[in-house]
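Structure first, commentary second.
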Amino acid sequence: MNVELTSEEEALRSTTARFLDDRMPIAAVRDLRDDPAGFSMTYWSQGAELGWMSLLVPEDLGGGTVSDNAVADLALIAHEFGTHAAPGPLVPCNVVVSALAGAGDAHAEALEALMSGASTAAWCYSEPPPNDALGHIDLEIRVDGDDVVITGTKRPVENGAAADLLLVTGRTGAGLSQVLLAASTPGVTVKPLSSADLSRRYATVHFDDVRVPVTAAVGGVGEAAAEVERQLQLAIVVSNAEAVGALQQAFDMTASWVNDRYSFGRPLSTYQEIKHRLADLFTWLQASHAINDVAITAVGSGSPDAAELTSAAKAYISEYGGELVQDCVQLHGGIGVTFEHDLHLFVRRVTVNRACYGTFAEHRRRVGQITEMRKDRA
Amino acid sequence: MSTEVEDVESFRQRAGAWIRENLPEQDSSINMSMIRKGMSDEAELAAVQRERAVQRMLFDAGFAGICFPKEYGGQGLTPAHQKVFNEEITGHEFPARLQAPSISPCAAVLLDFGTEEQKQRHIPAILKGEEIWMQFLSEPSSGSDVAAALTTAVRDGDDWVLNGSKVWTTGAWWSDWGLCLARTNWDVPKHRGLTVFMLPIKQDGVDVRRIEMLNGSMDFCQEYLSDVRVPDSDRIGEIDGGWTVGTRWMFHERILFSSPLVTVPSGTTHSGVGAGSLVEVAHSLGRLDDPDTLDLIGEGRVLELVKFAIQGRVGAGIASGKMNDQSAAIGRLFTGLTGARLFTLAFDIAGSTGAAWAESDGPAQHCGDDYLMRQSGCIGGGTLEMARNVISERVLGMPRERSLDRDVPFRDVPRGGTTRA
Ligand SMILES: Cc1cc2nc3c(=O)[nH]c(=O)nc-3n(C[C@H](O)[C@H](O)[C@H](O)COP(=O)(O)OP(=O)(O)OC[C@H]3O[C@@H](n4cnc5c(N)ncnc54)[C@H](O)[C@@H]3O)c2cc1C
């Protein structure tokens, strides 16, 4: 999150922060441990009223932003999701909303339902191992007369089991296509997965020759690659913002813990080893804020650097964020690996972010390729 | 004459046109403080002369000291103007040796604390390339604990007489002036007995000896000061007020190439090769298609992008007052670690060429020596451990280290071994 926010940005952020303080204190998040959806629809529609679902939608379609960068605005909400370990499908719903808002009138009804919080959606993008490399898409979307037929499996699909609507990304010949369909469409089977996050739910979604009219397509059939890339960037920077919020929280908890905790007659914070560790963790935290803010600006403004900066942010935050939270655990000692302590809620958030939408190694390679290509052109 | 500030875009046009007209293209990835064994002394002296001339060209064209006030030979413009100038000069020759430490921290400290007469005498001279300055801070007995300086200044009429030794200055043998921290009072705690002076390096009482670095470079120096007379008019700041000057001096040093006062190609930082150089090393060895190499290049570029981002964040935070000045240590720590990592990445891409090389190996021939020197960017300009102390104590507010030298007359503070006689 930027060091300085405008008063409008601050209002947006603090409204969500207060709502989550009130509605989703840590005890409430803990209560969701065994809840199948991981969130309630009342909670979700209240959040939608605060703007969670409408920032990426143009004003003429009922949306609106507070700054000139809608992605940055959404990232402020995501940051608060991170600091609260808040439940709810913020990322997939916004990805789907932004895809629908970009595709004209065809999906106005679905868009409205998502924006009001009456429905939720899932983005069926990644595929199961061994075909789970970043960007690898095997699921087939075949045109058959006035229909398209969908065959294949997606996993992990966030909010896959609770969603009413599914946006499926698949292959049509050499191109990519996207289709929006009701989760209840015949031939769709959803199997919940266990998850590293306490309230975030993932599923495997299987499409067994699922047939829907070609009007269900979002964007051109076989021509959606650019939109898919943009959705991926969006999902990554917003997830990163959430992860950075969780990192901030884990860091703050650790900084206050080392002041309170005594060992050999003095606070842990008086030991230089501990101080230097905190200095490193704080620097990684600041670096995570900084690179994601730069990436958010690039994605929000559609800059040509967006792909490189998004992957750089993802690679950095996944790698160093993972180390940061684990070091927070280490500095807590035994209590750090218990369920009763709250730290793990934030460790979990950072952990799922690290593994979804490509690993840090994959994103590093993407950055490497872009760097080599740039040098080639020069 | 108009007092309006030229708008940044038209300044960019004007600067860009002048640069393209006057300064030959040159690879900006050649890093400023990357110390490599290379030139003969004659070639080094010629290079220094050339840089003085280029600095003079900048001055005459109205592009030197962009953020320095006009009354001291500067342009009285803003950091935004300096930023676009840095962008425009990227890829062209520029006077690297004149920037740090001459323009910042040294001229910056003069601007902050010098008398009117001192500023008039020296800042224009520095901006014209006529005076190259060195920082006389570190001593054989103390570097991190810079306030424990033993070099002593004793008052003698209108003069001060300095004795002692300074060390680890890069390039003192071809430089003109030293900005020198010295002890003027042994009977008070260490921070309260220091004073800052300026002195010409080329004089009888200053014996400059060169030190060979582990890569064979001979640019490191040690200076022995014997009965050097400095007029009181060359004192900077108050008598025994040297730490007030020193704190600011250290701030300028910590931000170094991110300072709005210096002219350097965009993205220059204290140490380390850029990710572009990693591609060059890989390319020269035919390794661009190797997946392991791609990982290393990707890692380097990620760190480089994060480094730029964190510098931007900390810079904005300090400028807006949301972060305190000491937060510059965050950038210092990140840059130091990243610089060292980038040398390692280059070394690993080079493979066995890092162990044994020929001149015909092109850019890969430097990887071995650079790797051996890897830590220098984590030491020079204040060590990373000191940066961690600053971040934890001054930024995060954690308890200060217990020290045995606080509230004790410096004379009674225990002292240990020295690095060099
Ligand atoms: C390339 C280069 C250029 C330089 N240029 C200049 C220059 O122009 N002018 C100048 O004056 N100096 C210069 N220096 C010197 C530099 O500032 C010092 O080397 C540095 O401050 C460290 O001081 P030292 O060498 O005395 O090491 P020491 O201070 O003896 O430190 C030794 C080790 O102990 C650690 N340490 C020390 N104190 C503490 C503490 N309190 N807590 C934790 N760890 C600690 C240090 O981090 C380091 O790892 C340069 C050095 C280099 C490498």
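Do you know which residues across region B:391-413 are modelled with pLDDT under 90, open to solvent by 50 Å² or more (accessible area, probe 1.4 Å) and within 11 Å of the ligand (Cβ to nearest atom)?
Hit for region B:391-413 is B:Arg402, nothing else.
What number goes with the only condition from (1) touching a Gly at 6+ places or on another chain (Cβ under 7 Å); (2) under 25 Å from B:Gly382 (Cα atoms); (3) surrounded by fewer than 23 Cβ atoms within 10 Å (Cβ to Cβ); (4) of a type in the set (A, V, I, L, M) that B:Leu294 does not pass?
It is condition (2) that B:Leu294 fails.
Scan region B:317-333 residue by residue and report those that are crowded, with 19+ Cβ neighbours inside 10 Å, without any contact (Cβ under 8 Å) to a residue 24 or more places away in the chain and facing another protein chain (nearest Cβ under 9 Å).
Selection gives B:Gly317 alone.
It is to be established whether one or more residues within region B:90-101 are within 14 Å of the ligand (Cβ to nearest atom), among the polar types (S, T, N, Q) and away from chain A (no Cβ under 14 Å).
Taking every residue of region B:90-101 in turn, at least one turns out to be within 14 Å of the ligand (Cβ to nearest atom), among the polar types (S, T, N, Q) and away from chain A (no Cβ under 14 Å).
Looking only at region A:311-354, count every residue that is touching a residue at least 12 places away in the same chain (Cβ under 8 Å), more than 14 Å from every other protein chain (Cβ to nearest Cβ) and open to solvent by 40 Å² or more (accessible area, probe 1.4 Å) and tell me the total.
Residues in region A:311-354 being touching a residue at least 12 places away in the same chain (Cβ under 8 Å), more than 14 Å from every other protein chain (Cβ to nearest Cβ) and open to solvent by 40 Å² or more (accessible area, probe 1.4 Å): 5 in total.
Could you please let me know if B:Asp232 is away from the ligand (no atom under 11 Å from the Cβ), of a type in the set (D, E, K, R) and either touching a Lys or Arg at 6+ places or on another chain (Cβ under 7 Å) or away from chain A (no Cβ under 14 Å) (or both)?
Answer is yes for this residue.
Which residue, of B:Ile236, B:Ile211, is outside the structural domain of B:Arg332 (by TED's automatic domain parsing), surrounded by 20 or more Cβ atoms within 10 Å (Cβ to Cβ) and either of a type outside the set (Lys, Arg) or at pLDDT 95 or above (or both)?
Being outside the structural domain of B:Arg332 (by TED's automatic domain parsing), surrounded by 20 or more Cβ atoms within 10 Å (Cβ to Cβ) and either of a type outside the set (Lys, Arg) or at pLDDT 95 or above (or both) holds for just one of B:Ile236, B:Ile211, which is B:Ile236.
Take the conditions more than 16 Å from the ligand (Cβ to nearest atom), aromatic (Phe, Trp, Tyr) and open to solvent by less than 40 Å² (accessible area, probe 1.4 Å) and apply them to B:Phe113. Does it pass?
Taking the combined requirement at face value, the residue does not satisfy it.
Is it true that some residue in region B:170-179 is open to solvent by 30 Å² or more (accessible area, probe 1.4 Å), within 14 Å of the ligand (Cβ to nearest atom) and β-branched (Val, Ile, Thr)?
yes
One residue is enough: does region A:140-151 have a residue meeting the conditions in a strand (DSSP E or B) and of a type in the set (Ser, Thr, Tyr)?
The initial filter retains those residues of region A:140-151 that are in a strand (DSSP E or B), namely A:140-144, A:147-151.
From what is left, the residues that are of a type in the set (Ser, Thr, Tyr) are A:151.
Within region A:140-151, one or more residues are in a strand (DSSP E or B) and of a type in the set (Ser, Thr, Tyr).
Can B:Ala387 be described as hydrophobic (A, V, I, L, M, F, W, C), within 14 Å of another protein chain (Cβ to nearest Cβ) and within 12 Å of the ligand (Cβ to nearest atom)?
Criteria met by B:Ala387.
If B:Ala125 satisfies all but one of (1) within 16 Å of the ligand (Cβ to nearest atom); (2) aliphatic (A, V, I, L, M); (3) in a helix (DSSP H, G or I), what's the number of the condition it fails?
For B:Ala125, the exception is condition (1).
On the basis of being open to solvent by 30 Å² or more (accessible area, probe 1.4 Å) and touching a residue at least 40 places away in the same chain (Cβ under 8 Å), does B:Leu194 make the cut?
no
I'd like to verify a number: residues in region A:268-308 that are closer than 23 Å to A:Val325 by Cβ and either assigned to a helix (DSSP H, G or I) or within 7 Å of another protein chain (Cβ to nearest Cβ) (or both), how many?
Initial filter on region A:268-308 (closer than 23 Å to A:Val325 by Cβ): A:268-269, A:271-296.
Cutting the leftovers down to either assigned to a helix (DSSP H, G or I) or within 7 Å of another protein chain (Cβ to nearest Cβ) (or both) gives us A:268-269, A:272-296.
Result for region A:268-308: 27.
What number of residues in region B:341-361 are touching a helix residue (DSSP H, G or I) at 6+ places or on another chain (Cβ under 8 Å), more than 14 Å from chain A (Cβ to nearest Cβ) and either assigned to a helix (DSSP H, G or I) or within 11 Å of the ligand (Cβ to nearest atom) (or both)?
8
Report, ordered by the first and then the second residue, all pairs with beta carbons closer than 6 Å, sequence separation of six or more or different chains, a first member in region B:4-30 that is modelled with pLDDT under 95, and a second member that is part of a loop (DSSP other than H, G, I, E, B) and open to solvent by 40 Å² or more (accessible area, probe 1.4 Å).
Short answer, once both residue conditions are applied: B:Ser28/B:Thr90.
Being touching a His at 6+ places or on another chain (Cβ under 8 Å), within 14 Å of the ligand (Cβ to nearest atom) and either more than 11 Å from chain A (Cβ to nearest Cβ) or open to solvent by 60 Å² or more (accessible area, probe 1.4 Å) (or both) is true for just one of B:Gly377, B:Gly416. Which residue is that?
It is B:Gly377.
Could you check region A:226-267 and list, in sequence order, the residues that are hydroxyl-bearing (Ser, Thr, Tyr), within 13 Å of chain B (Cβ to nearest Cβ) and surrounded by fewer than 18 Cβ atoms within 10 Å (Cβ to Cβ)?
A:Ser256, A:Tyr262
Name the one entry in A:Ala106, A:Ala113, A:Ala101 that is among the hydrophobic types (A, V, I, L, M, F, W, C), in contact with an Asp or Glu (Cβ under 8 Å, 6 or more places away or on another chain) and in contact (Cβ under 8 Å) with a residue 12 or more places away in the chain.
When all the criteria are applied, what remains is A:Ala113.
Of the conditions (1) in contact with a Gly (Cβ under 6 Å, 6 or more places away or on another chain); (2) within 16 Å of the ligand (Cβ to nearest atom); (3) over 24 Å from A:Ala290 (Cβ atoms), B:Gly368 satisfies every one except a single condition; which number is it?
It is condition (2) that B:Gly368 fails.
Looking at region B:139-158, which of the residues that are open to solvent by 10 Å² or more (accessible area, probe 1.4 Å), farther than 20 Å from B:Asp207 by Cα and more than 10 Å from the ligand (Cβ to nearest atom) is nearest to the other protein chains (Cβ to nearest Cβ)?
B:Arg155
Quickly run through region B:283-301 and pick out the residues that are more than 8 Å from every other protein chain (Cβ to nearest Cβ) and farther than 17 Å from A:Ala315 by Cα.
Listed by number, the residues that qualify are B:Ser284, B:Leu285, B:Gly286, B:Arg287, B:Asp289, B:Asp290.
The values are calculated or read from the model by the stated rules, or taken from the named source; none is laboratory data. Model, not experiment: these values are computed from the prediction. Methodologically, a virtual Cβ is constructed for each residue, glycine included, from the backbone with ideal geometry; neighbour enumeration extends over all protein chains shown. Keep in mind that these areas ignore ligands, DNA and RNA; they rest on the heavy atoms of the full protein, side chains included. Shrake-Rupley method; radii C 1.70, N 1.55, O 1.52, S 1.80 Å.
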